[in-house]
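The block underneath contains the structure these notes are about, expressed in structure tokens.
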Amino acid sequence: MKKNQCFTFCGLLVVLLLFAGCGSRENKSVVNIPATADTKDGSTSKDTKNGPKIEFDHTTFNFGTVMQGEKLTHTFTFTNKGNSPLVISSTSASCGCTTSTPPRAPIKPGEKGKIDVTFDSKTKMGDVENKVRVASNAYPSPAVLTIKATVKKP
């Protein structure tokens, strides 16, 4: 009898813990700037009248034909065409062979910024296309940068 009570108690405890973990939690690591904050559904507000707007000089760059093992870097430049500071929260590449370095400081309205994207062709061969996702408080977000190359044996 005691064994059954123990199993029942443990089962109820597990169920209660599961329900307690299902509540909504606020993400405290997200910076909330009310004038430029994302909407509740995770998309960035399309109100470009008051918020920042990121505009790249170009979003695609082709390195052309490269020799396997080369490390190549291209700088993508952009301008904040909006009316409040632009904050790039992160950049992430579609492949481990590509890295990116975004600016850390906010970009004021009218100012230019840059993102360096480095491609390491050591493990690649043939036609390569990698994308870098740029998450920010601007519209549009995320912006997507693309690098291309044709990798040949040395």
Inset, instruction - Output the qualifying pairs, or none if there are none: Cβ atoms under 6 angstrom, residues six or more apart or on different chains, first residue in the range 81-104 and within 20 Å of D120 (Cβ to Cβ), second residue acidic (D, E). - result: C97/D120; T101/D116
Inset, instruction - Evaluate the range 40-49: report whether one residue or more is surrounded by 15 or more Cβ atoms within 10 Å (Cβ to Cβ) and part of a strand (DSSP E or B). - result: no
Inset, instruction - Find the residue count for the range 85-96, including only residues that are surrounded by fewer than 16 Cβ atoms within 10 Å (Cβ to Cβ) and among the β-branched types (V, I, T). - result: 0
Legend entry - Filter result for K148 (out of contact with any helix residue (DSSP H, G or I) (no Cβ under 8 Å at 6 or more places or on another chain), of a type in the set (K, R) and closer than 18 Å to T59 by Cα): yes
Inset, instruction - For the range 95-131, name all the residues that are aliphatic (A, V, I, L, M) and under 21 Å from Q68 (Cβ atoms). - result: V117, M125, V128
Inset, instruction - Name every residue in the range 122-151 that is among the small types (G, A, S) and under 11 Å from the mean Cα position of the chain (by Cα), in order of residue number. - result: A135, S136, S141, A143
Inset, instruction - Might you let me know whether the range 122-143 holds any residue that is farther than 15 Å from I54 by Cβ, surrounded by 20 or more Cβ atoms within 10 Å (Cβ to Cβ), in contact with a Ser or Thr (Cβ under 7 Å, 6 or more places away or on another chain) and modelled with pLDDT of 95 or more? - result: no
Legend entry - Matching option when the condition is crowded, with 16+ Cβ neighbours inside 10 Å, more than 16 Å from the chain's Cα centre (by Cα), of a type in the set (G, A, S) and more than 19 Å from R133 (Cβ to Cβ), among G82, G110: G82
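The values are calculated or read from the model by the stated rules, or taken from the named source; none is laboratory data. None of these values were measured; they are calculated from a predicted model. Methodologically, a virtual Cβ is constructed for each residue, glycine included, from the backbone with ideal geometry; neighbour enumeration extends over all protein chains shown.
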